[in-house]
Ligand SMILES: Nc1ncnc2c1ncn2[C@@H]1O[C@H](COP(=O)(O)OP(=O)(O)O)[C@@H](O)[C@H]1O
Ligand SMILES: [Mg+2]
């Protein structure tokens, strides 16, 4: 066995995903869990994400809290699989992104102190995966396309769309098209924020509320002029750019109508990204929490009639755990002194071994 644990806390701030992966014969997911955040911590994460100023003490407390939550997730995964820390080669911990800025002058920082994780799990922790790519001139994101290529390559035209808080698209190589990947813009994040602020729920289960609203077309067209949508890849984004404060939502609108319009922004920005940069047809495999929003999937399929939309489950990968698996894989690569980034995706000057190693 060659066991690694991948940890991921995404921009949705729903919780921390942990995946136990065996790399001894290919890539095999053995178990996974999501350790949810409390409502108050989730709100705290959202506040930190958009706060113009952060206090150093708040940053350090956040760094520790994410590390402690990571330790709890690892312990639960070990316990229920009757494993000892010594049986795990390493943890690949993404942490939670506190700030991410695209190039030029890009930077990215993830909270979740790896020293704390190594000390309190007794397992070597590899983390800080993004900054080496940024130092080499890359975006440091998205990092999952290289993993998508490793596990989901196909002889047919195929793309992978991860709908987390932010959405990212991977165009797998086919014919004369090279590997490409970039953040398309919002995934669930804006809809989730609106649900919390105005609809008294964490997210729109199944897209039932969005299905009842009416799209406010003038708002949608205005939002689609945002600079990020006009930029060419490589590009990456985060909550700093996509939050409700920046969208100037008029007062007095029906709450469901705004939810529908935010959902349309997600669907239209994704479909345009596919049409501009993706394969003309073929499979579009979906992963991330957005796959559970049936209304959103219906909208996407209508906007992309020439593509076959399906969950990554149809290709043998559980859509809920793909990102955490990717960070187990990145740790596996780093342990072997192999590169983890795809320069064609991030724009880095070359392939780099990613992350720092914090021995057990
Ligand atoms: N049943 C569901 N219906 C609609 N949306 C869902 C459902 N389950 C999860 N989601 C969405 O998925 C999000 C979590 O997705 P996830 O892939 O974990 O994103 P991230 O990587 O940003 O944390 C939730 O915040 C919610 O918006
Ligand atoms: Mg999540």
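The values are calculated or read from the model by the stated rules, or taken from the named source; none is laboratory data. Since we're looking at a predicted model, the values are computed, not measured. FYI the Cβ positions are ideal-geometry reconstructions off the backbone, even for glycines, and counts take in every protein chain you see.
Enumerate the strands (runs of 3 or more DSSP E) found wholly within region 32-150, keeping only those where 3 or more residues are without any contact (Cβ under 8 Å) to a residue 40 or more places away in the chain and within 16 Å of ligand 2 (Cβ to nearest atom).
none
Taking the condition in the same structural domain as residue 275 (by TED's automatic domain parsing), surrounded by fewer than 16 Cβ atoms within 10 Å (Cβ to Cβ), over 22 Å from the mean Cα position of the chain (by Cα) and on the phi > 0 side of the Ramachandran plot, does residue 175 pass?
Yes: the conditions hold for residue 175.
Can you pull out the residues in region 300-339 that are within 20 Å of residue 276 (Cα to Cα) and outside any helix (DSSP H, G or I)?
304, 305, 306, 307, 308, 309
Kindly indicate whether any position in region 242-257 is in a strand (DSSP E or B) and within 16 Å of ligand 1 (Cβ to nearest atom).
Checking region 242-257: not a single residue is in a strand (DSSP E or B) and within 16 Å of ligand 1 (Cβ to nearest atom).
For residues that are within 16 Å of ligand 2 (Cβ to nearest atom) and part of a helix (DSSP H, G or I), scanning just region 267-295, find the one that is nearest to residue 309 (Cα to Cα).
Of everything passing the filter in region 267-295, 291 is nearest to residue 309 (Cα to Cα).
Checking the condition assigned by TED's automatic domain parsing to the domain that holds residue 108, at pLDDT 95 or above and within 12 Å of ligand 1 (Cβ to nearest atom), which residue from 22, 14 passes?
None of the other options fit; the residue is 14.
Whether any residue in region 347-360 is within 27 Å of residue 271 (Cβ to Cβ) and in the same structural domain as residue 100 (by TED's automatic domain parsing) is what I want to check.
yes
Looking only at region 216-231, decide whether some residue is assigned to a strand (DSSP E or B) and farther than 23 Å from residue 50 by Cβ.
no
Taking only pairs six or more apart or across chains, which ones have beta-carbon atoms under 8 Å, a first residue in region 1-26 that is closer than 30 Å to residue 243 by Cβ, and a second residue that is part of a strand (DSSP E or B) and more than 16 Å from ligand 1 (Cβ to nearest atom)?
Every condition considered, the pairs that remain are 6/21; 6/91; 7/91; 18/5; 19/5; 19/31.
Of the conditions (1) more than 16 Å from ligand 2 (Cβ to nearest atom); (2) in a loop (DSSP other than H, G, I, E, B), residue 11 fails just one. Which one is it?
Of everything listed in (1) more than 16 Å from ligand 2 (Cβ to nearest atom); (2) in a loop (DSSP other than H, G, I, E, B), residue 11 misses just condition (1).
For residue 238, are the conditions met, namely being outside the structural domain of residue 103 (by TED's automatic domain parsing) and away from ligand 2 (no atom under 16 Å from the Cβ)?
For residue 238, the condition - outside the structural domain of residue 103 (by TED's automatic domain parsing) and away from ligand 2 (no atom under 16 Å from the Cβ) - is not met.
Those residues that are in contact with a strand residue (DSSP E or B) (Cβ under 9 Å, 6 or more places away or on another chain) and not in a loop (DSSP other than H, G, I, E, B), I need them from region 340-360; list them, please.
Scanning region 340-360 gives 344, 345, 346, 356, 357, 358.
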